[in-house]
Amino acid sequence: MCDKLFVMPGYELFGAQERKEVNDVLETGILMRYGFDGPRKGIWKAKELEQEICTTFGAGYAQLLSSGTAALTTAMAALGIGAGDEVIMPAFTFVASFEAVLSVGAIPVLVDIDDTLTIDPAVIEAAITPRTKAIMPVHMCGSMAQMDEIKAICGRRQLLLLEDACQAIGASYKGRSVGTIGDAGTFSFDFVKIITCAEGGAVITNNEDIYRKCDQYSDHGHDHMGKDRGADLHPYLGYNFRISELHAAVGLAQVKRLGEFLALQKRNHAIIKETLANIEGLTFRRIPDPAGDAGSFLSFFLPTEDMAREAVAGFTAAGIGGNFYWYDNNWHYIRKWQHLQNGSWMHRLHDDQKKMVMHYANQAFAASDAIMSRCISSAISLVWDEAQAQERADMMAKVLKGVLAKNLVKG
Ligand SMILES: Cc1ncc(COP(=O)(O)O)c(C=O)c1O
């Protein structure tokens, strides 16, 4: 059971409900979310999923998109973030977060994270310049950023707040779903997220104007006011970031199962955390609101980088899969984002923009390095029963105790 590589695991429980929703669409043959009102015989999976997202997460509005990356780009466009604007974001996230900033012509301003593995509110003020338009916390690995502090800064400095909640579907902060606290939030439903559409994403917001703009931007600017697409007006330019009915159908089944997934995830997370909690020298990621942790990863710290590397090697040798050492990962941490640091774009950026982007991407991130180099995130599977989760916990504990005993005695 321990040699499988798993990540955020909605796909693990793909089954009869998902097949039923997809079959509804296949039976009508209408795979597009707009138009074809007669032939689709009342089947509107994307609309239904948007409604379900609003109900499940307590959002006023939801707009589905073709991916989480498209959701971020669309949200930024709808928020009016554009050429030369600066967006403050953490140095630990997935590359999609800065790709989206660049896609609207804005500049990602990277800042350190703290032991929550999310943006450190204490360093945000120093990064604000007259060009700053928004702060984009990223709720990484199933848990949440320190939203009270970040929201206060946004209020004080009149900045927009965009939550990248792509990795934290089902997490909450002080009773509110992540993604609903700022001006807008985004989810990803790609294949390795807490729930999946295969590929898909959403913007959620409580602001009708932002929602309308997302709706239009994601479909070439269509105002979607009538029944004839050819007669729609185009108040703004847009692109094609539409989701298909087939993808939405999968997501509709999955969102209805979110409670079931979260319960399993939290149970298995608790079993492993309880076992590892007794290990001297091991510390855990700080969770701003522990009750709101979605539990998709258990993240912990070894005392030094060398010990963390030894633990990762020990897990691999013992056949314990799903342990992520982000410090060496090419996609999630600034240290390996050479394409951003070197300004490697296929298309030419404006010289000013390129200079600013490279300036911010090439700063030192000593505080983040000190955290990330000691951190391991262990993915939690939905398909373990309690005994299997305990077996994994015991195997992990054996490796960690070995590493710590050896090194702490040496020290
Ligand atoms: C933090 C974060 N933001 C955005 C995305 C982009 O989502 P997608 O893969 O659906 O484009 C991801 C995907 O891994 C992510 O982890």
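Taken over the stretch 151-172, residues that are surrounded by 24 or more Cβ atoms within 10 Å (Cβ to Cβ) and either in a loop (DSSP other than H, G, I, E, B) or away from the ligand (no atom under 16 Å from the Cβ) (or both) amount to 7. Within the stretch 53-87, the set of residues being in a strand (DSSP E or B) and either open to solvent by 10 Å² or more (accessible area, probe 1.4 Å) or free of Cβ contacts under 8 Å to residues at least 12 places away in the same chain (or both) comprises just one member, Y61. Pairs are defined by a Cβ separation below 6 Å, a sequence spacing of at least 6 or placement on different chains, a first member in the stretch 298-312 that is more than 17 Å from G322 (Cα to Cα), and a second member that is hydroxyl-bearing (S, T, Y) and open to solvent by less than 50 Å² (accessible area, probe 1.4 Å); the pairs so defined are E305/S373.
The one condition from (1) within 12 Å of the ligand (Cβ to nearest atom); (2) buried (at least 23 other Cβ atoms within 10 Å of the Cβ); (3) farther than 15 Å from L162 by Cβ; (4) not β-branched (V, I, T) that D112 does not meet is (1).
Taking the stretch 141-150 as the region of interest, how many residues are touching a helix residue (DSSP H, G or I) at 6+ places or on another chain (Cβ under 7 Å) and not in a helix (DSSP H, G or I)? It would help to see each step written out before you state the result.
In the first step, residues of the stretch 141-150 are kept if they are touching a helix residue (DSSP H, G or I) at 6+ places or on another chain (Cβ under 7 Å); the result is 144, 146, 149-150.
Filter again for not in a helix (DSSP H, G or I), leaving 144, 146.
Summing the residues that are touching a helix residue (DSSP H, G or I) at 6+ places or on another chain (Cβ under 7 Å) and not in a helix (DSSP H, G or I) in the stretch 141-150 gives 2.
Between D183, D219, D228, the distinction of being among the charged types (D, E, K, R) and free of Cβ contacts under 8 Å to residues at least 24 places away in the same chain belongs to D228 only. Restricted to the stretch 88-97, and to residues there that are within 15 Å of the ligand (Cβ to nearest atom) and among the hydrophobic types (A, V, I, L, M, F, W, C), the residue that is surrounded by the fewest Cβ atoms within 10 Å (Cβ to Cβ) is V95.
Listed conditions (1) surrounded by fewer than 23 Cβ atoms within 10 Å (Cβ to Cβ); (2) among the β-branched types (V, I, T); (3) within 16 Å of the ligand (Cβ to nearest atom) are all met by V123, apart from (3).
For the stretch 127-146, a tally of residues being away from the ligand (no atom under 16 Å from the Cβ) and touching a residue at least 12 places away in the same chain (Cβ under 8 Å) returns 7. Checked against the criterion of being in a helix (DSSP H, G or I), aliphatic (A, V, I, L, M) and under 21 Å from the mean Cα position of the chain (by Cα), the stretch 335-358 has at least one qualifying residue.
Yes/no matrix, rows are residues, columns are (1) among the hydroxyl-bearing types (S, T, Y); (2) under 23 Å from the mean Cα position of the chain (by Cα); (3) not in a loop (DSSP other than H, G, I, E, B):
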| residue | (1), (2), (3) |
| --- | --- |
| G226 | no, no, no |
| H234 | no, no, no |
| G238 | no, no, no |
| H247 | no, yes, yes |
| V250 | no, yes, yes |
| A253 | no, yes, yes |
| L262 | no, yes, yes |
| K266 | no, yes, yes |
| E274 | no, no, yes |
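Report yes if N323 is out of contact with any Cys (no Cβ under 6 Å at 6 or more places or on another chain) and surrounded by 19 or more Cβ atoms within 10 Å (Cβ to Cβ), otherwise no.
In short, yes.
For the stretch 183-199, filtering for residues that are more than 9 Å from the ligand (Cβ to nearest atom) and either assigned to a strand (DSSP E or B) or farther than 14 Å from A249 by Cα (or both) leaves 5.
The values are calculated or read from the model by the stated rules, or taken from the named source; none is laboratory data. Quantities reported herein were computed from a predicted structural model and do not represent experimental measurements. Using ideal geometry, Cβ is built from the backbone for each residue, glycine included, and neighbour counts are taken over all protein chains shown. Side chains included, ligands, DNA and RNA excluded: accessible areas come from the protein's heavy atoms. Shrake-Rupley method; radii C 1.70, N 1.55, O 1.52, S 1.80 Å.
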